[in-house]
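As structure tokens, the structure follows; a few thoughts come after it.
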Amino acid sequence: METELINTDFIEEAQSWVINNQGLLIEYAVNIAAALLTLIIGFIAVGMLTGGMNKVLKARKIDSTISDFITSLLKYGLLAFVIIAALSRVGVQTASFVAIVGAAGLAVGLALQGSLSNFAAGVLLIGFRFFKAGDYVEAGGTAGTVHSVQIFTTILMTPDNRMIVVPNSKILSDNIVNYSKEKTRRLDLVIGVSYTADLQKTKEVLTRILDEEPRVLKEPAYRVAVNELGASSVDFIVRPWVLAEDYWSLKFDLLEKIKNELDANGIGIPFPQMDVHLFREEKA
């Protein structure tokens, strides 16, 4: 009987509290709903805004490394703003919250100095434009085609389609070799022939091969010359200029054609050899 009285009293008190604080409950419910609505609309708006900005930047021929970096930076900044706005709707003092976040950010920043250096390096890479998306580079101890520059990392794709993620600070602190920066490249080949070979004839064969190859540029002019008298061969340098996109295909084709033409003209290509002389000691 006492339990029923206690339950009845509790229910009556709860009902009385709800009636007396009905306005406050409605206000809290409205604020929570408004905060959730702010988050949902804000996230959707941020996605649409950053996606639209990325499309506009690419439509204006802005390099994708720059557009991706800017949109990523804008996205996270706007998301932070949306979260703060939603918290303010439920009564959280945003000024205090910002101060707390700032203090926490300082502590996290001290603990994550490497990440901050990667971020700063990413800004510098975008600003100085050492490379762009699609360039083939050697950087950070690896090589590949630049896919994108993110806030903290740079994405490279290798010729065999492997993805390499390199910290931005590692790229900036190391040498950067950009093979795609210029439209033309010089192809450097070293062709060794036998010491018994006719050097003039060899030079004529190599020159004719370059003259007949349409991918070899006329300007700058190519060079064919004796470079070194090696241990077992006379080494010619063959240095034609080519378009950057023709570099590898032309290199493979020239090496094959040079070998075939030298064989057809009786010009030998030596390989390292060692003569071993054995002496037999006669017994007394």
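Summary table below
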item	result
Residues of the range 145-199 that turn out to be part of a strand (DSSP E or B) and either within 22 Å of the chain's Cα centre (by Cα) or closer than 30 Å to Gly268 by Cα (or both), as a count	24
Failed item, numbered, when Ala231 is tested on (1) outside the structural domain of Phe252 (by TED's automatic domain parsing); (2) under 28 Å from Lys257 (Cβ atoms); (3) not β-branched (Val, Ile, Thr)	(1)
Failed item in (1) at pLDDT below 80; (2) of a type in the set (Gly, Ala, Ser); (3) part of a helix (DSSP H, G or I), with Ser249 passing the rest	(1)
Single residue of Thr196, Thr202, Thr158 found to be among the β-branched types (Val, Ile, Thr) and in the same structural domain as Thr142 (by TED's automatic domain parsing)	Thr158
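The values are calculated or read from the model by the stated rules, or taken from the named source; none is laboratory data. A quick note: this is a predicted structure, and the numbers were derived from the prediction, not measured. Cβ atoms come from the backbone with ideal geometry, glycine included; neighbour counts cover every protein chain shown.
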